[in-house]
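Engineer: Encoded as structure tokens, here's the structure I'll be asking about.
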Amino acid sequence: MRARYGVPLGITAIGAAGLAYAAGFEVRSFRLRRVTVPVLPQGMRPLRVLQVSDIHMVGGQRKKQRWLQSLAGLRPDFVINTGDNLSDPQGVPETLDALGPLMNFPGAYVFGSNDYYGPKLRNPARYLMERTTGRHGLNGNAPVVGAIHNPWEELRDAFDAAGWLNLTNTRGSLKIDGMEIALTGLDDPHIKRDRYDRVAGGPEEGADFSMGVVHAPYLRVLDAFTADRYPLILAGHTHGGQLCIPFYGALVTNCDIDPERVKGLSTHRAGGHQSYLHVSAGCGTNRYTPVRFACPPEATLLTLVARD
């Protein structure tokens, strides 16, 4: 009896303990990561940029709301929101409540697919299949049928009213202590809403610093930004892999970027140029998969400093 059932029962117990940890603790274990990026021109003072991403707000997530509100205590120079704020059509008021203190700072945003459409229950194994086939989102897959439309217009109007820049396939700039920070943004490549031809041409002439912003770090977008000589690109979408293997890393990225760059700071090369890329693991999950393992929820404070 012991030999026949001991091992399967042990494996089951370990799996149950891991699931309890992933769903009961780590998914609510919010972290702030700090990253220094050498991208500014010589002589320019450091800039502190707070990146929030993939909040995926669902009603009743009070701890997440309080944690997001507390980030205002960091006093960043500006805030970048890289999308997927919602995972519940009713989640707009709580999202705005959570981000309210941060909206007192200069900021900019792009949207992700979950801002536009409500999530659907899907087999997690599909993410592995998509990685194998190279098809993600609407990039090679059939159009979505029966999608739930989220009230993204309410988010847009509130962000705009707070003075945050809407970077949906367009350019904008922020004035920070007399410096002009130029921002070039794209709509979500995961659902083929990116239109790089509308913003092509490289960094803004006369700006003190320029950077690119997008929700999903698809290679076509990273190639375009890098070939146009943007020194820094910010993205989210990947959840850092969400369910990772300790000492190994992510199994999937939910786009065509390689798992080694699924989160954190890395570099990207294209067209003979190199850009820094920062991918946020985000602080939420799809409402139907509320678990994280070896990949805690996060926001990032990036300190931009002068290049060597």
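The values are calculated or read from the model by the stated rules, or taken from the named source; none is laboratory data. This structure is a prediction, so every number in the text was calculated from the model and none was measured. Here Cβ is always computed from backbone atoms with ideal geometry, including for glycine, and neighbour counts include all displayed protein chains. Keep in mind that these areas ignore ligands, DNA and RNA; they rest on the heavy atoms of the full protein, side chains included. Shrake-Rupley method; radii C 1.70, N 1.55, O 1.52, S 1.80 Å.
Engineer: Please list the radius of gyration and Dmax for segment 10-156, considering alpha-carbon atoms only, with Å as the unit.
Structural biologist: Expressed in Å, the Cα Rg and Dmax of segment 10-156 come to 18.4, 60.
Engineer: Obtain the nm distance between the two label points defined at residue 36 and residue 197 by a simple spin-label model: each point lies 7 Å from its Cα along the Cα-to-C-beta direction.
Structural biologist: Rounded to a tenth, the inter-label distance reads 4.3 nm.
Engineer: Please list, in order, the residues from segment 157-199 whose amide nitrogen is less than 16 Å from a point placed 7 Å along the Cα→Cβ vector of residue 138.
Structural biologist: What the label zone holds, given the 16 Å backbone N cut-off, is 168-169, 186-197.
Engineer: With a Förster radius of 35 Å, plug the Cβ-Cβ distance of residue 74 and residue 123 into 1/(1 + (r/R0)^6) and report the FRET value to the nearest 0.05. Let's see the in-between values first.
Structural biologist: Values: r = 39 Å, r/R0 = 1.10.
According to the calculation, E is roughly 0.35.
Engineer: OK, next. Using a ≥ b ≥ c from the Cα gyration tensor of segment 179-248 (square roots of the eigenvalues), is it rounded, prolate or oblate, where a/c under 1.5 gives rounded and otherwise the larger of a/b and b/c decides, a/b for prolate?
Structural biologist: Prolate, because a/c is 1.5 or more and a/b exceeds b/c.
Engineer: Separate question: Taking the chain as a Gaussian network, where each spring joins two C-alpha atoms under 10 Å apart, which residue of 107, 240, 146 fluctuates the most?
Structural biologist: Evaluated over the chain, the most mobile residue of the options is 146.
Engineer: How many angstrom lie between the C-alpha centres of segment 164-209 and segment 257-273?
Structural biologist: 20 Å
Engineer: Within 13 Å, Cβ to Cβ, of residue 305, how many net charges do the neighbouring residues add up to if Lys/Arg are +1 and Asp/Glu are -1? Write down the numbers at each step before the final one.
Structural biologist: Working: positive: 34, 45, 48, 307; negative: 77, 308.
Charge balance in the 13 Å sphere: +2.
Engineer: For segment 135-213, take N as its residue count and report Rg(C-alpha) divided by 2.2 N^0.38 Å.
Structural biologist: Values: Rg = 15.6 Å, N = 79, 2.2 N^0.38 = 11.6 Å.
Scaled against compact globular proteins, the figure is 1.35.
Engineer: Could you tell me the largest-minus-smallest coordinate of the C-alpha atoms of the chain on each of the three principal axes, in descending order and whole angstroms?
Structural biologist: 77, 42, 41
Engineer: Counting alpha carbon pairs within less than 8 Å and at least 6 residues apart, what relative contact order, in whole percent, applies to segment 121-255? If you can, show how the numbers build up before the last one.
Structural biologist: Numbers: 196 pairs, mean separation 28.2, N = 135.
So the answer I get is 21 percent.
Engineer: If you don't mind, another one. May I ask which residue of 117, 134, 102 lies farthest towards the positive end of the charge dipole of segment 96-153, with charges of +1 (Lys, Arg) and -1 (Asp, Glu) on Cβ and the Cα centre as origin?
Structural biologist: So the residue we want is 134.
Engineer: Over the Cα atoms of segment 82-146, Rg to Rh with Kirkwood Rh, two decimal places? Before the final figure, lay out the partial values.
Structural biologist: Working: Rg = 15.3 Å, Rh = 14.2 Å.
So for segment 82-146, dividing Rg by the Kirkwood Rh gives 1.08.
Engineer: How much of the accessible area of the chain, in percent, comes from carbon and sulfur atoms when a 1.4 Å probe is used?
Structural biologist: Numbers: 7640 of 13870 Å².
Taking all protein chains in place, the chain shows 55 percent carbon and sulfur surface.
Engineer: Here's something else I'd like to know. Give the share of C-alpha pairs in each 5 angstrom bin for segment 203-308, from 0 to the last occupied bin, in whole percents, shortest bins first.
Structural biologist: For segment 203-308, the binned pair fractions read 2, 12, 22, 22, 17, 12, 7, 3, 1, 0 percent.
Engineer: Report, please, the projected area of segment 114-157 averaged over directions, based on the convex hull of its C-alpha atoms, in nm². Spell out each step's value before the answer.
Structural biologist: Numbers: hull surface 14.9 nm².
Value for segment 114-157: 3.7 nm².
Engineer: Give me the net charge for the shell around residue 203: Cβ to Cβ below 15 angstrom, other residues only, Lys and Arg +1, Asp and Glu -1.
Structural biologist: Working: positive: 171, 229, 307; negative: 180, 204, 205, 208, 228.
Here the charged neighbours net out to -2.
Engineer: Another question, if that's okay. How would you classify segment 144-260 from its alpha-carbon gyration tensor, with a ≥ b ≥ c the square roots of the eigenvalues: rounded for a/c under 1.5, else prolate if a/b is greater than b/c, otherwise oblate?
Structural biologist: Working: a/c = 1.80, a/b = 1.30, b/c = 1.38.
Oblate, since a/c reaches 1.5 and b/c is not below a/b.
Engineer: With respect to the cross-link table entries 192/263; 63/120; 63/192, which display a Cα-Cα separation exceeding 27 Å? Walk me through the intermediate numbers first.
Structural biologist: Values: 192/263 22 Å; 63/120 24 Å; 63/192 33 Å.
Distance filter (> 27 Å) returns 63/192.
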